[in-house]
Every structure is written in C-alpha cells, then in structure tokens.
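K.L.:
Before I ask anything, let me first share the structure, which is written out below as structure tokens.
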Amino acid sequence: MSSVFAVIFLILSSSCASSISATVSIGSRSILRLIDDDKAEKPDLAVELNPSNFDAVLKETPATFAVVEFFAKWCPACRNYKPQYEKVAKLFNGADAVHPGIILMTRVDCALKVNTDLCSKFSVDHYPMLLWGPPSKFVSGSWGPKQDKSEIYYVEDMRTADRLLNWINKKMNSSYSLDDSKYENEHLQRNASDPGQIARAIYDIEEATSTALDIILKHKMIKLETQASLIRFFQLLVVHHPSRRCRKGTSQILVDFDDFSVKTKEAASGEGKDLLGNYQICGNDVPRGYWMFCRGSKNDTRGFSCGLWVLLHSLSVRVDDEESHAAFAAICDFIHSFFLCQECRQHFHDMCSSVTKPFKKARDFALWLWDAHNKVNERLMKEEAKEDTGDPEFPKLIWPPRQLCPSCYHSKTTKDVDENGVKWDQDEVYRFLVDYYGKTLVSLYKDKELVSDKTNILPADDITASAHAVTVPVGAALAIAVASCAFGALACYWRQQQKSRKYKHYLHSLKSI
C-alpha cells in the first residue's frame, strides 16, 4: 500500500509543481516556444545548455547529431563567431527550421561558474570550441583530445558558417546549403524497404497527440456531449500510448480532469487565457513544430494526419483481446467528435458503423484498422490524382508495399483477395503490424529509456471517476480498467479514494499559495 501512496504523491505533487513553475522549462523547451512568438524579441536559435539541462535536452532530442559550442561571453572572438553559428543553427533548430530534427545546435557558456565542471569534462582549452557527435554520447559523457574510439569529434574547420556547414556535409555525406529554403534539398526517408524508419515516428506520435489536444482546445470542442469520448480516448492513451511522456501527461489530465474541464470553459469564455498552459500532454517541448517520419516534401502534405494514423495503429497492436472492442469504440468516438475534416470524419464514421459484431480479438481489431486505412488511401489516391494535390515523393499506396513485407502477399492462392486484387496473407499482415507498430516503433525510444513496459504504466482510468466523469456510461468507463492488467491492481482503491483526495489536495494547494 505504501507504493500506492507514493504514486499518488508523485502525480499530485507534479501537478502542483507545474502550476508553480509554469515559466520554467528545460533547455530547448522554452527557447523553441519563444522562437514562434512574434511579439517577443527573437532569442538565439542555438540552445543554451548548463548542468541542469545538459543531459535532459541531449537525451530527449529527436536529432541524430548534435553540435556543442563551448564559448565565453567575455571572449571577443566568440561574440564575432556567434552570428556565423546562428546561421547554421537557423537551418536545423526550432519550429521554423529548414531541416528540422537532424542536428541539434547547442552552446555552453564556460564563463559561468556553474558550467566550470561541464566544460572541464569536455576538455575545453580554447574558445570557441565545437564538438560533434550523437546526442546520446554527450549524455553523462566526456571527451578528451587523446581519447580513442570516441564517437564525439572535435570540429576543426568552423571559423565561418560556410566552413562549418561544409564540415558537417562531409561528415554526413550531405549537401546542405545556407541558402536552402523549407522543403528544398530535403533528405527525406524514402526507402520503403527499410522497416527501421518507423522508429523515428515515435516523435511524430508525440507531435500528433499534442497537436490533437491543441486543436481541441483552440476550437473549444470539449462540450458536455463530447466529454465522454475524450475521457475514453485518454483512458486508452494512458495505458497504451507508446510514449511514456504522453502516458504521464495524459494521466495528469485525467487526475485533474474536473479542474481541466473548468479551466477549458474559462479559457473558452476569455476569463482565463493562460489557464491551460500547465497541461502539456507529451512534455514541455512538444509540440516541436515539425515532423520526422511523417515529414512530407511539401508544407501541406503528410504531417498531422500521418502522425495520427501511426498513433492509431500503434494503439491497435498494444491492446489485449478483452480490450479490443472498447479500444475500437474509443477511437471511433474520438475521431467522430474531434477530427475537424468533415468529409474524413464522416468516411471514418461510416467504416466504424459497418462493424456489426463486437471485436473479441485484438488481431481482428488491428486488421480492421489496417483495412480501413487502405480504403482511405485508395479513395485519396483517386482524388489526389484527379486534383494533383498529392505528395510527389510520398504518393498514397496500398500498404504495406511488397518490398516492405513480401510475406504479406500470397503468391499462389486466391485467398483473402481484396477489392484491389491483392492476395493478402492476413496472418503475416498481423505479424508485420505487431512488429512494425509495436517493437520497431519504440526501438529508438527504448535506447533513450523514454518508453517502458505497459505493466509499469500509472493506472489512471479510475482516476476519472469524479464529478465530470459521471457522464461516461459505467460499462464503457470501466471497460479498459477491467480488461487491462495495468488498471486491475489499484482500480478499487482509486475508485474509492480519488475524488475526496483530489479535492482535499486541491484545497490545500490553494491555501499554501
């Protein structure tokens, strides 16, 4: 029981702490958000690092490589070099970056006493000094000029922006230019036969989750008739979202849903413009403003819709058999209530309505969603061909293509022929979906310890058994809780204790302010 109280304390204290330190963020998080603020003075694009955020920023970045500039604010050469460094940072850092999510440009001011040990760990002996390497190698790491087999490299040629970018291009075998514009000279992932590329979509799932909540709040879509759908979808996310950060953020909203709902209404009425600022469903640095796996070759292609599809597929392969129909209903209701594209919403609703029997197997649900996605792609292929609105680098196709999953296709039998004449081996398709959207999707995050097994997920379904959650039908509200092992252990306790404990804590926090 002591572990139960520890979990409660951590959630409630984190909720309280977020309201006290709303203006505090880690490294790039506040900087990236300020980049888009036209009213504020434009901050540096290179991310300022110090001992309190060094490991966190470099651990959580989606970038493949990082550059760390060690400088001193009193150094004239550093001041003169800063505009050159910023020119390169403009290509890679921030929501408006030309080539986002590839290289993280950072800097450490060694003139600050707090950074003395950090600069010493990386053997800084002159200013400015640049190091290059995978972000994870900087985390809790060090560097020395005589260090053998290090993946961190000293940047020898960096005196101007052109020379630094030329050094980077040689290192990456790339061809970036300071004159690049957005969606030009892109190095997009086009190898359809490489399943490992989906690993970078974990960042897009976070982006899509956060973007979806932003859209819901911006358009004031949380109403009495849609609230139950949102709660059920959040219940699904808190158990099965691939990202630990999103599970944690969703559970905090569910814990605080009464307060969240009140703040949503106040913000909608204009009484509390910034009341929802503390609710970051996937962490303070999300949304980042760009896409990784789902990045299109044009500004208006792929992106959010791609990220949302990946999220839905990842949920479908994570539910257990007993949860499959509740998960199906939660997804259908969420899209019907909160997806703003009216035609898309109606098409998806029609496909959901065509299901006449409850799903009893997770396999059947995952295959239904896969088939539904292919039907959407088939329809859009015709419409985009007619209107010439598709992405030329990423045309819609029946999925998965043969080069990605050759075993998914029958070669000698007519079994499981779909409307396109494709002979599917559905057992192989399901195995592929589980591996692709399950293990492979989270492989990059597991290296960074940002995902965990669902048995360690905070049980938050019963947390929503509060005043506003009474609008959820009892059977639907408890479906995920009863079905998932993550909820079973503490379900009764949460149901009995949450409401009174939540309000006592809330009142106590008000008195202490």
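The values are calculated or read from the model by the stated rules, or taken from the named source; none is laboratory data. The shown structure was predicted, so the numbers you read here are calculated from the model rather than taken from an experiment. Because the Cβ atoms are built from the backbone with ideal geometry, glycine has one as well, and the counts that use them run over all protein chains shown. Calculation scope for accessible area: heavy atoms of the full protein, side chains included, ligands and nucleic acids excluded. Shrake-Rupley method; radii C 1.70, N 1.55, O 1.52, S 1.80 Å.
K.L.:
Please work out if residue 293 is within 23 Å of the chain's Cα centre (by Cα), of a type in the set (Phe, Trp, Tyr) and over 28 Å from residue 427 (Cβ atoms). Step through it out loud before you land on a result.
P.N.:
Values: within 23 Å of the chain's Cα centre (by Cα): yes; of a type in the set (Phe, Trp, Tyr): yes; over 28 Å from residue 427 (Cβ atoms): no.
For residue 293, the condition - within 23 Å of the chain's Cα centre (by Cα), of a type in the set (Phe, Trp, Tyr) and over 28 Å from residue 427 (Cβ atoms) - is not met.
K.L.:
Now for a different question. Kindly indicate which of 45, 58, 91 is hydrophobic (A, V, I, L, M, F, W, C), modelled with pLDDT of 50 or more, farther than 30 Å from residue 256 by Cα and not in a helix (DSSP H, G or I). Outline the logic, then answer.
P.N.:
Working: 58 fails: not in a helix (DSSP H, G or I); 91 fails: not in a helix (DSSP H, G or I).
Criteria check complete, one pass: 45.
K.L.:
Can you say whether residue 90 is under 17 Å from residue 178 (Cβ atoms), open to solvent by 10 Å² or more (accessible area, probe 1.4 Å) and among the basic types (Lys, Arg), as far as the supplied structure shows?
P.N.:
Values: under 17 Å from residue 178 (Cβ atoms): yes; open to solvent by 10 Å² or more (accessible area, probe 1.4 Å): yes; among the basic types (Lys, Arg): yes.
In short, yes.
K.L.:
Please find, within the range 100-135, the residue that is farthest from the chain's Cα centre (by Cα) out of those that are β-branched (Val, Ile, Thr) and surrounded by 22 or more Cβ atoms within 10 Å (Cβ to Cβ).
P.N.:
108
K.L.:
A further question on this structure: What number of residues within the range 360-389 satisfy the criterion of being open to solvent by 50 Å² or more (accessible area, probe 1.4 Å) and either of a type outside the set (D, E, K, R) or closer than 14 Å to residue 301 by Cβ (or both)?
P.N.:
Qualifying residue count for the region: 6.
K.L.:
Here is a list: 73, 82. Which entry is open to solvent by 70 Å² or more (accessible area, probe 1.4 Å), more than 26 Å from residue 297 (Cα to Cα) and among the basic types (Lys, Arg)?
P.N.:
Values: 82 fails: open to solvent by 70 Å² or more (accessible area, probe 1.4 Å).
From the options 73, 82, the qualifying one is 73.
Yes/no matrix, rows are residues, columns are (1) modelled with pLDDT of 90 or more; (2) surrounded by fewer than 17 Cβ atoms within 10 Å (Cβ to Cβ); (3) closer than 30 Å to residue 394 by Cα; (4) in contact with a Pro (Cβ under 8 Å, 6 or more places away or on another chain):
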position: 167; (1), (2), (3), (4): yes, no, no, no
position: 207; (1), (2), (3), (4): yes, no, yes, yes
position: 234; (1), (2), (3), (4): yes, no, no, no
position: 252; (1), (2), (3), (4): no, no, no, no
position: 280; (1), (2), (3), (4): no, no, no, no
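K.L.:
Considering 86, 156, which residue is among the acidic types (Asp, Glu) and in contact (Cβ under 8 Å) with a residue 40 or more places away in the chain? Before you say what the answer is, go through the steps one by one.
P.N.:
Working: 156 fails: in contact (Cβ under 8 Å) with a residue 40 or more places away in the chain.
It is 86.
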